[in-house]
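Below is one structure, written out as structure tokens, with a few remarks after it.
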Amino acid sequence: MQRDVPLSGRLPDELHPVLRRVYAARTVESADDLDYSLDKLLSPALLKGIDQAVDLLQQAITEQQRILVIGDFDADGATSCALSLRALRSMGASDVHYLVPNRFEYGYGLTPEIVAVAAELQPDLIMTVDNGISSIDGVAAARQHGIRVLITDHHLPGEQLPAAAAIVNPNQCGDTFPSKNLAGVGVAFYAMLA
């Protein structure tokens, strides 16, 4: 089945017709839309919760607090975790660790069971990457241990959000970030960029 998608004349003439249709279906209308240079990135300031996230990370780095990055078990979680560790260390964080729990053993997200394991490492701040937006009980458990939580996630939130110190998720209610299709690593990238 072929859909009739209007082709934009502003795309480069050398593009294959199939690629033109794909771009047109994704509202890519000009060569400028294909420019992914750094100066074309959306501003991280557009993300709801980014200021609180920056404050948490800045304090943790300045005071050399222990940061524990908790990633999801999949490729998005692994890349989010790796990106965050490298970025935090390059910003001067010297006490940064990670935990990628087996979801078949501990469940998905920041569960109370994962918090119990994390608490043994005595972090001052837990930063979730690619998870956490539905972790109401896990965030409550972390708070009971005196651990602050920064959630970076891209999954759709429920009606109730966890009581985290900061939440960065372009899909949360009231967020004006234009792109709602970031992967978890994209959200982590913007948190590090800010």
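Taking the criterion of being modelled with pLDDT of 95 or more, more than 18 Å from the chain's Cα centre (by Cα), in the same structural domain as Ile147 (by TED's automatic domain parsing) and of a type in the set (Lys, Arg), would at least one residue in segment 61-69 satisfy it?
Yes.
Please go through segment 51-84 and pick out each residue that is surrounded by fewer than 22 Cβ atoms within 10 Å (Cβ to Cβ), of a type outside the set (S, T, N, Q) and over 22 Å from Thr111 (Cα atoms).
Within segment 51-84, Asp51, Val54, Asp55, Ile61, Glu63, Leu83 meet the criteria.
On the given criteria, is Leu42 touching a Phe, Trp or Tyr at 6+ places or on another chain (Cβ under 9 Å), modelled with pLDDT under 85 and assigned to a loop (DSSP other than H, G, I, E, B)?
The answer is no for Leu42.
Do we have Ser37 as at pLDDT below 95, more than 14 Å from the chain's Cα centre (by Cα) and among the polar types (S, T, N, Q) here?
It is true that Ser37 is at pLDDT below 95, more than 14 Å from the chain's Cα centre (by Cα) and among the polar types (S, T, N, Q).
Report whether or not Asp35 is closer than 18 Å to Phe189 by Cβ and surrounded by fewer than 18 Cβ atoms within 10 Å (Cβ to Cβ). I'd like the intermediate steps shown before the answer.
On the way: closer than 18 Å to Phe189 by Cβ: yes; surrounded by fewer than 18 Cβ atoms within 10 Å (Cβ to Cβ): yes.
Here the answer is yes, as Asp35 does meet what is asked.
Here's a check for you: in segment 1-24, which residue that is among the aliphatic types (A, V, I, L, M) and at pLDDT 85 or above is nearest to Thr128 (Cα to Cα)?
Our first condition is that a residue be among the aliphatic types (A, V, I, L, M); within segment 1-24, this holds for 1, 5, 7, 11, 15, 18-19, 22, 24.
Now restrict to residues that are at pLDDT 85 or above: 18-19, 22.
Numbers: Val18: 39, Leu19: 36, Val22: 34 Å.
Residue satisfying both the conditions and the ranking: Val22.
Are any residues in segment 96-136 of a type in the set (D, E, K, R) and exposed (fewer than 15 other Cβ atoms within 10 Å of the Cβ), and if so, which ones?
Glu105, Glu120
The values are calculated or read from the model by the stated rules, or taken from the named source; none is laboratory data. Since this is a predicted model, take the numbers as computed values, not measurements. Glycine also receives a Cβ, built like all others from the backbone with ideal geometry; neighbour counts cover every protein chain displayed.
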